[in-house]
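The values are calculated or read from the model by the stated rules, or taken from the named source; none is laboratory data. In this text, all values refer to a predicted model and were calculated from it rather than measured experimentally. Quick reminder, even Gly has a Cβ in these numbers, built from the backbone with ideal geometry, and neighbours come from all protein chains shown. SASA here: full protein model, heavy atoms, side chains in, ligands and nucleic acids out. Shrake-Rupley method; radii C 1.70, N 1.55, O 1.52, S 1.80 Å.
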Amino acid sequence: MATKSLDVFVIGAGVIGLSTAICALEAGFRVTIFAETFPGDKKSIKYTSCWAAANHVSVAATNELLHQLERETLPIFLSLLKEDPLVPVMIRPHKSYSQVYGAKEQEQADHLARCYTDLRVMDPSELPEGVAHGALFSTLCIDVPRYLPYLMDRFMTAGGHAFRVTLPSLSALLSEKNRPALEPFPPTSGPTQPSIFPAAVVNCTGIGALSMGDVMDTNLYPTRGEVLIIRAPWIRDGVALLYSDGHLTYTIPRQSGDVILGGTFQPNDWHPTSRPETVKLIKERGIAAQPELLPADKREAKNIDDLDVVEECVGLRPTRKGGLRIETSFLAVGDKTFPVVHNYGHGGAGYQSSWGSANAAVELLKSVV
Ligand SMILES: Cc1cc2nc3c(=O)[nH]c(=O)nc-3n(C[C@H](O)[C@H](O)[C@H](O)COP(=O)(O)OP(=O)(O)OC[C@H]3O[C@@H](n4cnc5c(N)ncnc54)[C@H](O)[C@@H]3O)c2cc1C
């Protein structure tokens, strides 16, 4: 099918919008991104991608679609790394620990063993005190503050265009009369106005799909994630420790030498800034799980104030009852009808399922235009 002359509008410039826009360009579409927030902007609670940790550790034991998309995404990241060593992604050992090991934990452990081919169950003699089960495997750590600009550059270099706009609805963008003002992004780039009628729209608005007119998906809700960025360039391994009270401590090292220390998973909690009691808990549990987060000369004292905290972060994972949405609907605006491919609701797995989701959305695009 010839897609060269067909315009596609992608709404959203998070990891899902950018990955989808790149795949659509590579499939031969002419692609324009429209978004309120872009990589490099001041961090915003409305832009989840800038707050992500982010690594590839599957949590999709019971969600077959997400599992498949995560599985497809992993080798794409690996081949990106092979082709371009400057891609801000690295492979690191990851230790997955659990203080309790019941049926649920076993299901997750079995799932991880299916996902990561080098996974090895650790011998009890290797486990830290109080840990009932541990597994060691290699996985990807994505340096988010570098990876998002990398995606944006890749999109622009491949001939994409972008506009900054806050949309009250998808139809506002498709209406000749009521379209809000569009600001080229970056300000000096691209045509002054995109063509008014695209062949299709791709909706990658994340948690924004809850309030976006024509979508208003009430199955969406935020899962609040509070994490800390710690300066600790000596850390090589990521660790996840599930405490017996349900708290999950996790660390994710970045290329930059920063380490993410998490965190919380708080459904329906919209609070946009950190809470002091949560920060304290994250620090205490973090030091207990991985004492090496502290500088070598300060480990013995185990004082949480000795952690070199760079930033306290809060992001809202776009979680969806029933799982992520990748499907097509049709939108009538005036006397025209536009196919809309939805690609949102990735919860805590948007990075690790990004390329699989992008390819699935582009397959839908090809089938509807
Ligand atoms: C603490 C934390 C840790 C995480 N760790 C991981 C991890 O380890 N691995 C992993 O895979 N994932 C992780 N995630 C999840 C991941 O960050 C999300 O799944 C992902 O960022 C969602 O991306 P998105 O593109 O769908 O949404 P967003 O990044 O929120 O992007 C939405 C885009 O749509 C635009 N938009 C929305 N509404 C409108 C509107 N009305 N008009 C114009 N533009 C609009 C926004 O401006 C933005 O550009 C984590 C998240 C958090 C918070």
Give me the accessible area of residue 336, 1.4 Å probe, in Å² rounded to the nearest 10. 70 Å²
Between residue 181 and residue 113, what FRET efficiency comes out of the Förster formula 1/(1 + (r/R0)^6) with R0 = 41 Å and r the beta carbon distance, rounded to 0.05? 0.20
Using only alpha carbon positions, build the gyration tensor of the stretch 13-62, then give the equivalent ellipsoid semi-axes as the square roots of 5 times its eigenvalues, largest first, whole angstrom. 22, 19, 8
If I compute solvent accessible area with a 1.4 Å probe over the protein chains, what percent of it on the stretch 323-369 is carbon and sulfur? 48 percent
Among 28, 229, 276, whose Cα lies farthest out toward the positive end of the dipole of the chain, if unit charges sit on the beta carbon of Lys, Arg (+1) and Asp, Glu (-1)? 28
Among DSSP beta bridges whose residues both lie in the chain, state the antiparallel percentage, nearest 5. 70 percent
Given a 1.4 angstrom probe, I'd like the percentage of the accessible area of the stretch 1-143 that is carbon and sulfur, rounded to a whole number. 55 percent
Looking at 182, 99, 216, which one has the Cα that reaches farthest to the positive end of the dipole of the chain (charges on Cβ: Lys, Arg +1; Asp, Glu -1)? 182
Note down the relative contact order for the chain as a percent, whole number, built from C-alpha pairs under 8 angstrom at least six residues apart. 23 percent
Please list log₁₀ I(q)/I(0) at q = 0.20, 0.22, 0.26 Å⁻¹ for the stretch 88-175, using the Debye equation with identical point scatterers on the alpha-carbon positions. -0.96, -1.08, -1.25
Determine the calculated [θ] at 222 nm for the chain from helices alone, applying -39500 (n - 2.57) to every DSSP H run no shorter than 4 residues and normalising by the residue count; nearest 500 deg cm²/dmol. -8000 deg cm²/dmol
So how do 26-33, 351-358 stack up, highest first, on mean other-Cβ count within 10 Å? 351-358, 26-33
Can you give me the solvent accessible area of residue 122 with a 1.4 Å probe, rounded to the nearest 10 Å²? 20 Å²
Calculated diffusion of the chain, Stokes-Einstein form, Kirkwood radius summed over Cα pairs, 10 °C and 1.306 mPa s, µm²/s: 74 µm²/s
Place the peptides 279-285, 7-13, 65-71 in order of packing, highest mean first, counting for every residue the other Cβ atoms within 10 Å and averaging per peptide. 7-13, 65-71, 279-285
Probe 1.4 Å - accessible area at residue 236, Å² to nearest ten: 130 Å²
Suppose R0 equals 30 Å. What FRET efficiency, 1/(1 + (r/R0)^6) with r the Cβ-Cβ distance, do residue 100 and residue 146 give to the nearest 0.05? 0.25
Starting from the Cα gyration tensor of the stretch 212-352, multiply each eigenvalue by 5, take the square root, and state the resulting semi-axes largest first in whole Å. 39, 15, 13
From the C-alpha gyration tensor of the stretch 1-89, square roots of 5λ in Å: 23, 20, 15
Any idea what the dipole of the chain comes to, in debye rounded to 20, about its Cα centre with Lys/Arg Cβ at +1 and Asp/Glu Cβ at -1? 680 debye
Just tell me which lysines come within less than 28 Å, Cα to Cα, of residue 283; anything on the same chain fewer than 8 places away is out. 42, 43, 46, 95, 104, 298, 302
Under unit Cβ charges (Lys, Arg +1; Asp, Glu -1), what dipole magnitude, rounded to 20 debye, does the stretch 217-369 have relative to its Cα centre? 380 debye
Obtain the nm distance between the two label points defined at residue 329 and residue 26 by a simple spin-label model: each point lies 7 Å from its Cα along the Cα-to-C-beta direction. 2.9 nm
To the nearest 0.05, how large is the calculated FRET efficiency for residue 288 and residue 62 if R₀ is 22 Å and r is the Cβ-Cβ distance? 0.15
Using a 1.4 angstrom probe on heavy atoms only, work out the carbon and sulfur share of the accessible area of the stretch 160-239 in %. 55 percent
Let me check I've understood the local charge: for residue 183, count other residues with C-beta under 15 angstrom from its C-beta, Lys and Arg +1, Asp and Glu -1. What total comes out? 0
Rolling a 1.4 Å sphere over the protein heavy atoms, what is the accessible area per residue of the chain, to the nearest Å²? 44 Å²
Computed lengthening from residue 125 to residue 275, 0.36 nm per intervening residue step minus Cα-Cα distance: 50.3 nm
For the stretch 260-317, state what percent of all Cα-Cα pairs lands in each successive 5 Å bin, counting from 0 Å until the bin that includes the largest distance. 4, 18, 29, 21, 13, 9, 5, 1, 0
Charge-dipole axis of the stretch 289-367 as Lys and Arg at +1 and Asp and Glu at -1 on Cβ define it, positive-most pick from 295, 344, 315: 344
